[in-house]
Amino acid sequence: MIVGPTKVLFMDEISTGLDSSTTFQIVKCLQQIVHLGEATILMSLLQPAPETFELFDDIILLSEGQIVYQGPRDCVLEFFESCGFRCPERKGTADFLQEVTSKKDQEQYWADKQRPYRYVSVSEFAQTFKRFHVGLQLENHLSVPFDKSRSHQAALVFSKHSVSTRELLKASFDKEWLLIKRNSFVYIFKTIQLIIVALIASTVFLRTQMHTRNLDDGFVYVGALLFTLIVNMFNGFAELPLTITRLPVFFKHRDLLFYPAWIFTLPNVVLRIPFSMIESIVWVVVTYYTMGFAPEADRFFKQLLLVFLIQQMAGGLFRAIAGLCRSMIIAQTGGALFLLIFFVLGGFLLPKDFIPKWWIWGYWISPLVYGYNALAVNEFYSPRWMDKFVMDKNGVPKRLGMAMLEGANIFTDKNWFWIGAAGLLGFTIFFNVLFTLCLTYLPWANHKLLYLKKLQRKQKTMGFRERQ
């Protein structure tokens, strides 16, 4: 802290655990730094040794939350003598100052023999100091407006963050990119893992065994689409531990006003987009034609868009869970609750028509609903499904694609592709904004430290009971 351009230092109880000789040497060194470097040091000490006390230029005496004296060290005894108190010859000045404001010890220092002693409160000392010549000089000095032209341009800061927003963003992007390069193994491993899962899925839903003849064939495609949705949903799970491990440092930076929360979250979100695009392209390229989805090129790119939006939504969801829980243990338990609700009310484990009315709101707030419906509409509105007919239960011919959507309890409106895409984009924005708000307003709680303190209190209580 001392090395550098710092001209003002605030120190609190630096003598704790040190003997008087060591304290004297440290304060002597600091005195030389102040005098030679034209610096200012404000230091709080409790009853320092006389030789240490003599090193200070000015004294601030605090008692009961009030300033009793603030001024040159040489004038402090003169002030108390004007109040009727005198420091004995063999008494250290620091000890005298500590005791003269105490109701218990004050009487022994009374020196005015012409008046009987009465207790002088701290408030009376503070009011008397304002009429003392040192207090008057201080008041006159403070009444003169400060001449800003005489100070350094960077001495006074009038903004919450001393660095401009542009520089903060640049520094945050550079830091985020550096962390991504350091954690490159995680992203490479995720991509390789996704390729392996895609190859396995392609062999399970192999196009040579995937037909478009009837409803049974359609439900096999629904399973393939559902597998695509779930895999890309949980592909964002890596954001949960990566984010939580960084929160202690972030909250320390936030509390020290290094930068606002959105400066941290914006690079976190933006720099993940290229990796998500690569993973989406890898998944769709490996699985789309291998599984035998609709051969039209526009439907290929539409599914690519949906997979990308699903990955972005999942990343935002797990980041929001990390910001809301702020602990890996709570995130794994509380976060699992959100995921279970999303899956149960997603419309594929339990069809929409079978969800109780008091739970239907959960269906509409589940982001999986929009991804599931959009993927299905994109596939089953292709000509190879819509150009074939099957008989419904009344014996009336119906397009196979429409019958498939109705049988799977999926919306039959063709516009649901764009509705689903817009819903996924909206959830992506919502989760990332929620993540930013959590980091802005929620405090950082060290759950391990809280647990240890609770355990220590419990052990002390048990030990007290045993002694009784």
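All of the numbers you see were taken from the coordinates with simple rules; none came from a lab. Because the structure is a prediction, the values reported are computed rather than measured. Counting neighbours? That spans all protein chains shown, and the Cβs are built from the backbone with ideal geometry, glycine included.
Laid out as a table, the results:
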quantity	calculated
Qualifying GluC sites (Glu not before Pro) for region 71-114 [loop in DSSP, other Cβ within 10 Å: at most 13]	GLU89
Per-pair calculated FRET efficiency, R0 = 56 Å: VAL163 and GLN108 via Cβ, rounded to 0.05	0.50
Listed residue pairs exceeding 25 Å between alpha carbons, taken from LYS28/LYS148; LYS388/LYS414; LYS28/LYS91	LYS28/LYS148
Region 168-448: translational diffusion in µm²/s, Stokes-Einstein, Kirkwood Rh over Cα pairs, 10 °C, 1.306 mPa s	79 µm²/s
Per DSSP, loop GluC sites (Glu not before Pro) in region 216-307 with at most 16 further Cβ within 10 Å	GLU296
In nm, spacing of pseudo-spin labels at ALA422 and LYS181 (7 Å Cα→C-beta vector)	4.2 nm
Formal net charge of residues neighbouring PHE308 (Cβ-Cβ distance under 12 Å; K, R +1; D, E -1)	+1
Label point distance in nm, GLN127-ASP12, each placed 7 Å from Cα along Cα→Cβ	3.1 nm
Cα centre as origin, Lys/Arg/Asp/Glu Cβ charges: region 76-156 dipole, Debye	120 debye
Whether region 297-381 is rounded, prolate or oblate, judged on the alpha carbon gyration tensor where a/c under 1.5 counts as rounded	oblate
Region 168-448, relative contact order [Cα under 8 Å, separation at least 6], %	25 percent
Among beta bridges that DSSP assigns inside the chain, antiparallel share in %, nearest 5	65 percent
Residue-averaged 222 nm ellipticity for the chain, from DSSP H runs of 4+ at -39500 (n - 2.57), nearest 500	-20000 deg cm²/dmol
Rh (Kirkwood; distinct C-alpha pairs) - region 8-146, Å	16.4 Å
Where trypsin sites (Lys or Arg not before Pro) fall in DSSP loop in region 73-129, at most 15 other Cβ within 10 Å	ARG90, LYS91, LYS103, LYS104, LYS113, ARG118
Mean Kyte hydropathy of 0.0 or more with a Cα span along the axis of at least 18 Å, helices from DSSP in the chain	20-37, 184-204, 215-234, 273-291, 297-325, 328-344, 367-380, 416-441
Stretchable slack from LEU42 to PHE338, in nm (0.36 nm times residue separation minus alpha-carbon distance)	101.4 nm
Linear extension gain, ILE26 paired with THR245, 0.36 nm per residue minus alpha-carbon span	75.0 nm
Positive-end residue of ILE410, ASN235, GLN114, charge dipole of the chain with Cβ unit charges	ILE410
